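What follows is a short report on a single structure.
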Amino acid sequence: MLYQIYETNRAWISPFSEFASAASKLYSNPLSPLAQLPSAHRVSAGFDLIHRLTKEYEKPEFGINSVTVQGTDVVIQEQVVEEKPFCKLLRFKRFTDDAKLLEKMRDQPSVLVVAPLSGHHSTLLRDTVRTLLQDHKVYITDWIDARMVPLEDGPFHLDDYVNYVQDFIRKIGPNVHVISVCQPTVPVLAAVSLMASRGEATPKTMTMMGGPIDARKSPTAVNNLAMNKSFEWFETNVIYRVPPNYPGASRRVYPGFLQHTGFVAMNPDRHANSHYDYFLDLVRGDGDSADAHRQFYDEYNAVLDMPAEYYLDTIKTVFQDFALVNGTWKVRNPKGKDELVKPQDIKTTALLTVEGELDDISGAGQTAAAHELCTGIPKTRHKHYDVVGAGHYGIFSGRRWREQAYPEIRAFILAHNK
């Protein structure tokens, strides 16, 4: 019922949001008589802020059209390599007329970036992808909003996530390097472990960034919520059915608007101050700062619904049973057989873990715990790196990602690309 109430409220507010947008332009356009009134710029800024606080945010585009590779601009084309009901495997194909550079790019390592299915779209990793493209062939998992997946396509469990990752690794080939950011560190480790247990070729490297491999270590507010509430509480209080105006009507989901409320509630003062600063930037005519605010919140406010089965599986497996670190996690493969996840079976894949010094989502030591599980990997193929001064988002986006984390990841991949 809550989902239907939200949709009704959104539909009711939408005309007012559009009116605020139009009014903002009327008070700011030099050709409008209203723009000549005293304090018109303040009125315009106020209407603009109202519009942004009430508008619906759709999934942004990656918008990566070109990157610089060894001093040369190359064109990027976004391609769908494989499509499944709940995910698309995207490749960012690079093109250039420079024959020598093209040959070099063909020899560069392939990287699969496994994006989180935890509220935001995979475009949150835009900066990650853009930076990696300088030295790698890049693929990414683009998870689909569950409200857009018809009910007849069936449920989506955490086991399905693991199976998807394995399929994508096989699709790209055994020479791939896998980078998982936040939530997928756990299913990626499971996927590679199961492949190793079966004797399949595994990726050359695994880079795990800011994820809850062992959520018992330095638990954060996010971890505590998942650990202190019962499984039944989550099933009763945060799971709703998609309204009939979407393709996924009647599918059980953890709605994006609830997730967004939780994101904002973690730092309400910071968001309030950010919006007030945006208003002041508009009043002062500081276009660059205003554009930076819009760019951030266009991404931050765009959320997706998660399949209920997957969300509840993750709560129980990762944050309540700690099944991975306890050695009790069994994953059901596409043939219906349960397989025990044994990270110690991984022998040839090198492991790099990355954590942010100020991460308030995945606490210190949670990601590094992967090293304690992967005992079959030789010590010389283990590495851990702390990004000094970085919060959760700073390890994969922004200046600290580009200047601190990325050089370490690039060097690690290169060292183990033989």
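The values are calculated or read from the model by the stated rules, or taken from the named source; none is laboratory data. The model shown is predicted, which means the values in this text are computed figures rather than measured ones. Neighbour counts run over all protein chains shown; Cβ positions are idealised from the backbone, glycine included.
Numerical summary
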{"read-out": "Among residues of region 362-373, those that are modelled with pLDDT of 95 or more and in contact with a Gly (Cβ under 9 Å, 6 or more places away or on another chain), counted", "value": "4"}
{"read-out": "Among (1) crowded, with 19+ Cβ neighbours inside 10 Å; (2) over 17 Å from the mean Cα position of the chain (by Cα); (3) without any contact (Cβ under 8 Å) to a residue 60 or more places away in the chain - the single one Tyr246 does not satisfy", "value": "(3)"}
{"read-out": "Residue that is surrounded by the fewest Cβ atoms within 10 Å (Cβ to Cβ), among those in region 291-336 that are free of Cβ contacts under 8 Å to residues at least 60 places away in the same chain and under 29 Å from His371 (Cβ atoms)", "value": "Asn326"}
{"read-out": "Residue check for Lys93: loosely packed, with under 13 Cβ neighbours inside 10 Å and more than 27 Å from Leu258 (Cβ to Cβ)", "value": "no"}
{"read-out": "Tally of residues being polar (S, T, N, Q) and closer than 18 Å to Val325 by Cβ across region 158-193", "value": "4"}
{"read-out": "Matching residues, region 195-218, being in a helix (DSSP H, G or I) and either at pLDDT below 95 or more than 25 Å from Leu414 (Cα to Cα) (or both)", "value": "Ser197"}
{"read-out": "Every residue from region 396-416 that is in a loop (DSSP other than H, G, I, E, B) and surrounded by fewer than 16 Cβ atoms within 10 Å (Cβ to Cβ)", "value": "Gly398"}
{"read-out": "Positions within region 157-192 being surrounded by 22 or more Cβ atoms within 10 Å (Cβ to Cβ) and touching an Asp or Glu at 6+ places or on another chain (Cβ under 6 Å), in sequence order", "value": "Leu158"}
{"read-out": "Index of the failed condition, Asp167 passing every other in (1) outside any strand (DSSP E or B); (2) farther than 21 Å from Gln79 by Cβ", "value": "(2)"}
{"read-out": "Region 360-382, subset among the hydrophobic types (A, V, I, L, M, F, W, C) and in a loop (DSSP other than H, G, I, E, B), residue nearest to Pro174 (Cα to Cα)", "value": "Ile377"}
{"read-out": "Hits in region 263-279 (condition: without any contact (Cβ under 8 Å) to a residue 40 or more places away in the chain and either crowded, with 16+ Cβ neighbours inside 10 Å or not small (Gly, Ala, Ser) (or both))", "value": "Val264, Asn267, Pro268, Asp269, Arg270, His271, Asn273, Tyr276, Asp277"}
{"read-out": "Check on Asn224, under 24 Å from the mean Cα position of the chain (by Cα), assigned by TED's automatic domain parsing to the domain that holds Tyr161 and at pLDDT below 90", "value": "yes"}
{"read-out": "Members of region 126-147 found to be of a type outside the set (Ser, Thr, Tyr), assigned to a helix (DSSP H, G or I) and farther than 23 Å from Ile315 by Cα, listed by number", "value": "Arg126, Asp127, Val129, Arg130, Leu132"}
{"read-out": "Pair list, Cβ < 7 Å and 6+ apart or interchain, from region 18-47 residues that are closer than 17 Å to Asp291 by Cα and assigned by TED's automatic domain parsing to the domain that holds Phe279 to residues that are assigned to a helix (DSSP H, G or I) and of a type in the set (D, E, K, R)", "value": "Ser24/Asp48"}
{"read-out": "Qualifying residue in region 346-369 (condition: out of contact with any Ser or Thr (no Cβ under 7 Å at 6 or more places or on another chain), of a type outside the set (A, V, I, L, M) and free of Cβ contacts under 8 Å to residues at least 12 places away in the same chain)", "value": "no"}
{"read-out": "Check on Val81, within 30 Å of Tyr164 (Cα to Cα), out of contact with any Leu (no Cβ under 9 Å at 6 or more places or on another chain) and either hydrophobic (A, V, I, L, M, F, W, C) or modelled with pLDDT of 95 or more (or both)", "value": "no"}
{"read-out": "Any chance Asp359 is modelled with pLDDT of 95 or more and surrounded by 14 or more Cβ atoms within 10 Å (Cβ to Cβ)", "value": "no"}
